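Trainee: For reference, the structure I am asking about is given below.
The values are calculated or read from the model by the stated rules, or taken from the named source; none is laboratory data. Bear in mind that the values here come from a model prediction, so they are computed numbers and not experimental data. Cβ coordinates were reconstructed from backbone atoms using ideal geometry, including for glycine residues, and neighbour counts include every protein chain displayed. For accessibility, only protein heavy atoms count, side chains too; no ligands or nucleic acids. Shrake-Rupley method; radii C 1.70, N 1.55, O 1.52, S 1.80 Å.
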Amino acid sequence: MNRASAAQALIADEMIQTAEIEIRDTPAVCDPLGALYLPESTTLIVSDLHLEKGAAFARRGMMLPPYDTAQTLKLVTAVVSRYQPACVICLGDSFHDREGAAALPPSSQDQLSGLMSGRDWYWIAGNHDPDHPAGLAGDCVSELYLDGLCFRHEPLQTAGEAVGEVAGHLHPAARVVRRGKGVRRPCFATDGRRMIMPSFGVTTGGLNLRNNAFRGLFDPQQLTAHLLGRDRIYSVAFERLIG
Amino acid sequence: MNIDSGIKPAATDPKLPEPFFGWFGKRGWQPRPHQLALLDRAEAGGSSLLIAPTGAGKTLAGFLPSLIDIALKEQRRKPGAALSSARRGIHTLYVSPLKALAIDIERNLATPVAEMDLPVRIETRTGDTPQSKRQRQKLNPPDILLTTPEQIALLIASREADTLFDGLKYVIFDELHSLITSKRGHLLSLGLARLRKHCPDLQTIGLSATVAEPEELQAWLMPQRAGDGPVLSERIVVKGGAKPHISILETEEHVPWSGHSARYAMADVYQAIREHRTALLFVNTRSQAELLFRELWRINEDDLPIALHHGSLDASQRRKVEAAMADNRLRAVVATSTLDLGIDWGDVDLVVHVGAPKGASRLAQRIGRSNHRMDEPSRAILVPANRFEVMECQAALDANYLGAQDTPPMGIGTYDVLAQHVLGMACAAAFRADDLYAEVTSAAPYADLEREQFDRVIDFVATGGYALKTYDRYARIRLTKDGTWRVSNPRIAQQYRLNIGTIIEAPELKIRLTRHTGRGTNVRGGPVLGKVEESFVEMLSPGDTFLFAGKVLRFEGIRENECIVSKGGAGSPRIPAYAGGKFPLSTYLADQVRTMLGDPDTWRALPAQVREWLEIQRQKSVLPSRGELLIETFPQGDRSYMVMYPFEGRLAHQTLGMLLTRRLERSRARPLGFVATDYAMAVWGLRDMGLMFERGELSLAQLFDEDMLGDDLEAWLAESWMLKRTFRNCALISGLIERRHPGKEKTGRQVTVSADLVYDVLRSHEPDHILLQATRHDAASGLLDIRRLGDMLSRIKGRIILNRLNRISPLAVPVMLEIGKEPVSGEAQDDILAEAADEIIAEAMGGTR
């Protein structure tokens, strides 16, 4: 199930199977759409939306389909209405480039504003979008502390320093092979001490959790990948994953 | 015209001027009739297709008109008159599908040019040519430029195209039969149309092996006119020389039921190498090449110089092997299709083909590599890897004697290639859509292109061709006030150059050898051995071993875009698999194998163990006749199996498998899976399908009805990974997505675009998009072989034989052994597999084995 088909076939809320986990003793819910929900503070976290990615590429001469923003926002709308959070944190790279927010089509801008009204909204600065998104409300910060957790875009490099960190940036994906057939999905990656979120945007790719970029970030013994399925989360221990 | 190579030409021929006449004489040669015929046509201003077997002096024939023309022009030049500093442009372009071939031709032409002291400068230009030399070639072009289709595309899109090609007289296409069947050929045909615009009088010379439809090639060489019938070039055909001696390996060993390794035959193959001067060993895939090479060295007691040559090896490594071969320093080379085409190895006296050739024409081409002189017979040994391959080899052998040809057709020009070309033409100069349309439709593959589709392609190039017009301000090409289309930004031309060509390789990593074992990737690098597909490397953990370039390598890790390895390591090595290396069984050979199966009289030519196998099949089940489709059902373990034998190739069978399981699901037969080989397809499920047929719960006619290719196909295609892969190729060729460039990739941050995701977005929003049209078109003939499946379904209508058995039949064994085969397996798994395999065989043969 990839992101674009997820947007096509949204599953009714009552059919969803989430994974209930803890990050540094804070309860959290991994949703199959790729969002993280903290029930204690009714906070919803989405990471790496990469809105206006198509337009960003078009500006550089690659005419990708101009439909990605609408699709991603459709998924954001779905999770927001599913959890009705008081607070939403966009964990960085919300726009694919600096020009994205300013060039956002009016319809998407309206849709976003509708989602934001009545709740706290944080834009964590990412490497793609270090500035406050032009023309949009919400607070733009580089880090945010909440519920005993720390939210930032890029994970810190060592496992020790990062207890309680929730980050994005790396787009983790995991691969499982059974009977010669491989399945690869975006995933939440957590060892109970920190969490790296899957990318939420519909045209974002994934990076295998076994890639060197993840080395040293987790305790491999405790690391679990929560893979995004069509209507449920599949939790698989790191050692059972294929590189 | 047809020319029999046996006829001696006239002793003197006024056509051949000095110093050429004298040079032929000094060598004791006489110009061959086809060489003179081609020269004659060329001097009369015509274009020609020369069809000749290898060793007929095809190359010299192709170049004679150019060499003579350049030499005579030089003679006529007033003595003392210096060449103008602007210099003439390129006189002759030679286009070859392989870099190695261009380099080989340069070597071969050097001798006559030097001996006759001709005032001709000949140079090569390929992807490997240094930038400085390429730049110089643009400013000071050689008389004859030997190059590849991709370089043609680059040159015609450059600003210097005018001066380069203004004096162009000849374009020679070598191995034309292999060029025109692919998208590469489509792009080249558009390039030729553009060259003609620079130089309306240019003449073409096509050199080709024997093909099924020569008129397609003749049309390809000529500018086509809308509304008229095809315009054809002249055709000169040289009748074949001595018949090759081909045999199927005779062995005392047990020929395996399935698999592709041919390990059983190693001792016999080695013996054959020993008995010959130089042997070329052909295999179908790079992994087979690695395996064969390793197995041969395992038993290479005499330390014979045996080398390896395949497309993933580093270029310098390949050049070394080619040079050693040319110097006769090798006794054998294990090679894949990278050596298929006309590279001239003088002293090869044996070709060994390991695995079935999959097509009669391919076999002829490969056998042509031995004894590269037309009048001496080639010698070849076919080594089938399993029992069906024995029959396939026999069929190919018969076909070779009969001269049957199963070359694929030219195909209709695709939109993705056209999109690439349109952008290139905008990079070269501003164009009017009307002019470019006329130019494009003069190329044979695009002769029937509708104007509406052409305009859609232009729209696609400009802004992506979407219904939602949000990208106008970012357009790559723009219609300006004077009615011409222009590139909107110089950066676009730069991007274009980096994304040129139609050869799409799976993402690959360089393999770099380090001397440090166990130190991970944080080490100083050594030499690059070649490339391996990323998907294979992703399956490795540090410490794993694999076979590459004939060496066992230990995987250390990935650094940037390199796969770091060290030598050695323990355990049984894995073998990298490469996508797209497998050829499907040709329709022609498939038909021959079916015929053989149904006609026991033809079995005499087969080895005893294969005859026995067919004989037992006849006793225990049935053998279908040529036009029939045999379907067998039987239980095995707690499953029910249905095995069919369409012989339509793995791709068509896979598509059939997908569609049949959908239908079986609807009929509540509860299918669980299927497996396909080149010859057969097996479906298994929980309910007894034989019984269901008997009770009328399943209907054969309905199950195999042609309407399978309607809705079921559409529904399946939507999800098919094969269609996604096809789309990826189209997206890359058309320039929708940029290629990844070595050195410019960043790991750790996935900012590149996934073609799969773009595909899904496009499918749900614009199912009619021009690129999806291109994808479906490709799928129909390419990866999914839908056309072939359709032909099969209509052929077998009312001619299906259903045989309900109590147990597995001998014919079913090979496909049954494929079930559950892991792509990579350690030794322990091999043992389990072998055990399971033995059980199945014993049951099928009723203990007679």
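Trainee: What tally of residues in region B:437-450 results from selecting those that are part of a helix (DSSP H, G or I) and crowded, with 22+ Cβ neighbours inside 10 Å?
Mentor: Residues in region B:437-450 being part of a helix (DSSP H, G or I) and crowded, with 22+ Cβ neighbours inside 10 Å: 4 in total.
Trainee: Please determine whether any residue of region B:649-665 is among the hydroxyl-bearing types (Ser, Thr, Tyr), over 30 Å from residue B:774 (Cβ atoms) and not in a strand (DSSP E or B). Before you say what the answer is, go through the steps one by one.
Mentor: As a first pass, look at region B:649-665 and keep what is among the hydroxyl-bearing types (Ser, Thr, Tyr): B:655, B:661.
Then drop every residue that is not over 30 Å from residue B:774 (Cβ atoms), which leaves none.
Taking every residue of region B:649-665 in turn, none turns out to be among the hydroxyl-bearing types (Ser, Thr, Tyr), over 30 Å from residue B:774 (Cβ atoms) and not in a strand (DSSP E or B).
Trainee: For region A:191-213, give me the residue count where each residue is modelled with pLDDT of 90 or more, more than 28 Å from residue A:74 (Cβ to Cβ) and either within 14 Å of chain B (Cβ to nearest Cβ) or open to solvent by 10 Å² or more (accessible area, probe 1.4 Å) (or both).
Mentor: Number of matching residues: 3.
Trainee: For region B:637-660, give me the residue count where each residue is touching a strand residue (DSSP E or B) at 6+ places or on another chain (Cβ under 8 Å) and at pLDDT 85 or above.
Mentor: 12
Trainee: Go through the residues of region B:337-345 one by one and say whether even a single one is in contact with a Ser or Thr (Cβ under 8 Å, 6 or more places away or on another chain) and under 27 Å from residue B:677 (Cβ atoms).
Mentor: yes
Trainee: Name the residues in region B:242-257 that are surrounded by fewer than 22 Cβ atoms within 10 Å (Cβ to Cβ), at pLDDT 80 or above and part of a loop (DSSP other than H, G, I, E, B), would you?
Mentor: Listed by number, the residues that qualify are B:250, B:251, B:252, B:253, B:254, B:255, B:256, B:257.
Trainee: Scan region B:459-487 for residues that are at the interface with chain A (Cβ under 9 Å from one of its Cβ atoms), in contact with a Lys or Arg (Cβ under 7 Å, 6 or more places away or on another chain) and assigned to a loop (DSSP other than H, G, I, E, B) and jot them down.
Mentor: Passing the criteria: only B:465.
Trainee: Please give the number of the condition residue B:467 fails out of (1) open to solvent by 70 Å² or more (accessible area, probe 1.4 Å); (2) within 21 Å of residue B:775 (Cα to Cα); (3) in contact with a Gly (Cβ under 9 Å, 6 or more places away or on another chain).
Mentor: Among (1) open to solvent by 70 Å² or more (accessible area, probe 1.4 Å); (2) within 21 Å of residue B:775 (Cα to Cα); (3) in contact with a Gly (Cβ under 9 Å, 6 or more places away or on another chain), the lone unmet condition for residue B:467 is (3).
Trainee: Report every pair of residues separated by at least 6 positions or lying on different chains whose Cβ atoms are under 7 Å apart, first residue within region A:218-230 and closer than 15 Å to residue A:17 by Cα, second assigned to a loop (DSSP other than H, G, I, E, B).
Mentor: If the second residue must be assigned to a loop (DSSP other than H, G, I, E, B), the pairs left are A:228/A:1; A:228/A:32; A:228/A:34; A:228/A:198; A:229/A:1; A:229/A:32; A:230/A:1; A:230/A:11.
Trainee: Taking the stated definitions as given, is residue A:65 within 14 Å of chain B (Cβ to nearest Cβ) and either of a type outside the set (D, E, K, R) or open to solvent by 40 Å² or more (accessible area, probe 1.4 Å) (or both)?
Mentor: Judged against the criteria, residue A:65 is a match.
Trainee: Which of the following residues is farther than 14 Å from residue B:808 by Cβ and touching a residue at least 24 places away in the same chain (Cβ under 8 Å): B:621, B:625, B:640?
Mentor: Of B:621, B:625, B:640, the one residue that is farther than 14 Å from residue B:808 by Cβ and touching a residue at least 24 places away in the same chain (Cβ under 8 Å) is B:625.
Trainee: What is the one condition in (1) within 14 Å of chain B (Cβ to nearest Cβ); (2) open to solvent by 10 Å² or more (accessible area, probe 1.4 Å); (3) not small (Gly, Ala, Ser) that residue A:14 does not satisfy?
Mentor: Among (1) within 14 Å of chain B (Cβ to nearest Cβ); (2) open to solvent by 10 Å² or more (accessible area, probe 1.4 Å); (3) not small (Gly, Ala, Ser), the lone unmet condition for residue A:14 is (1).
Trainee: Something else about it: Kindly provide the set of residues from region A:136-153 that are outside any strand (DSSP E or B) and under 29 Å from residue A:110 (Cα atoms), ordered by number.
Mentor: Residues satisfying the conditions are A:136, A:137, A:138, A:142, A:153.
Trainee: Filter region B:792-820 down to the residues that are of a type in the set (D, E, K, R) and over 12 Å from residue B:622 (Cβ atoms), then identify the one that is surrounded by the fewest Cβ atoms within 10 Å (Cβ to Cβ).
Mentor: B:799
Trainee: Scan region A:157-168 and tell me whether some residue there is in a loop (DSSP other than H, G, I, E, B), loosely packed, with under 15 Cβ neighbours inside 10 Å and without any contact (Cβ under 8 Å) to a residue 12 or more places away in the chain. Spell out the reasoning first.
Mentor: Step one: filter region A:157-168 for residues in a loop (DSSP other than H, G, I, E, B), giving A:157-164, A:168.
Adding the requirement that they be loosely packed, with under 15 Cβ neighbours inside 10 Å leaves A:157-158, A:160-161, A:163.
In the following step, the residues that additionally are without any contact (Cβ under 8 Å) to a residue 12 or more places away in the chain were identified as A:160-161.
Within region A:157-168, one or more residues are in a loop (DSSP other than H, G, I, E, B), loosely packed, with under 15 Cβ neighbours inside 10 Å and without any contact (Cβ under 8 Å) to a residue 12 or more places away in the chain.
Trainee: Let me ask something additional. All but one of (1) more than 24 Å from residue B:449 (Cβ to Cβ); (2) buried (at least 23 other Cβ atoms within 10 Å of the Cβ); (3) within 24 Å of the chain's Cα centre (by Cα) hold for residue B:210, so report the exception by its number.
Mentor: (2)
Trainee: Separate question: Based on this model, can you work out whether residue B:274 counts as outside the structural domain of residue B:187 (by TED's automatic domain parsing) and open to solvent by 30 Å² or more (accessible area, probe 1.4 Å)?
Mentor: Values: outside the structural domain of residue B:187 (by TED's automatic domain parsing): yes; open to solvent by 30 Å² or more (accessible area, probe 1.4 Å): yes.
Yes: the conditions hold for residue B:274.
Trainee: I'd like to verify a number: residues in region B:157-180 that are surrounded by fewer than 24 Cβ atoms within 10 Å (Cβ to Cβ) and either over 26 Å from residue B:408 (Cβ atoms) or among the aromatic types (Phe, Trp, Tyr) (or both), how many?
Mentor: Residues meeting the conditions: 14.
Trainee: Condition test on residue A:74, is it over 28 Å from residue A:165 (Cβ atoms), touching a residue at least 40 places away in the same chain (Cβ under 8 Å) and in contact with a helix residue (DSSP H, G or I) (Cβ under 7 Å, 6 or more places away or on another chain)?
Mentor: Judged against the criteria, residue A:74 is a match.
Trainee: Report every pair of residues separated by at least 6 positions or lying on different chains whose Cβ atoms are under 6 Å apart, first residue within region B:298-327 and in a loop (DSSP other than H, G, I, E, B), second open to solvent by 50 Å² or more (accessible area, probe 1.4 Å).
Mentor: Short answer, once both residue conditions are applied: B:304/B:331; B:305/B:331; B:310/B:286; B:312/B:286; B:312/B:531.
Trainee: Let me ask another. For region A:42-62: of the residues being open to solvent by 20 Å² or more (accessible area, probe 1.4 Å) and either at pLDDT below 95 or closer than 17 Å to residue A:204 by Cα (or both), which is nearest to the other protein chains (Cβ to nearest Cβ)?
Mentor: Taking region A:42-62 as the starting set, the residues that turn out to be open to solvent by 20 Å² or more (accessible area, probe 1.4 Å) are A:42, A:59-60.
Narrowing the set further to residues that are either at pLDDT below 95 or closer than 17 Å to residue A:204 by Cα (or both) leaves A:59-60.
Numbers: A:59: 5, A:60: 8 Å.
The selected residue is A:59.
Trainee: Of all residues being of a type outside the set (Asp, Glu), at pLDDT 85 or above and outside any helix (DSSP H, G or I) in region B:693-715, which is nearest to residue B:800 (Cα to Cα)? Just the residue, please.
Mentor: Within region B:693-715, the subset of a type outside the set (Asp, Glu) is B:693, B:695-696, B:698-704, B:708-710, B:713, B:715.
In the following step, the residues that additionally are at pLDDT 85 or above were identified as B:693, B:695-696, B:698-704.
Within this subset, residues satisfying the condition of being outside any helix (DSSP H, G or I) are B:695-696, B:698-699, B:704.
On the way: B:695: 17, B:696: 15, B:698: 14, B:699: 11, B:704: 9 Å.
Result: B:704.
Trainee: If residue A:70 meets every condition in (1) open to solvent by 10 Å² or more (accessible area, probe 1.4 Å); (2) within 14 Å of chain B (Cβ to nearest Cβ); (3) at pLDDT 95 or above apart from one, which number is that one?
Mentor: Failed condition: (3).
Trainee: Of the numbered conditions (1) in contact with a Phe, Trp or Tyr (Cβ under 7 Å, 6 or more places away or on another chain); (2) modelled with pLDDT under 95, residue B:457 satisfies every one except a single condition; which is it?
Mentor: Exception for residue B:457: condition (2).
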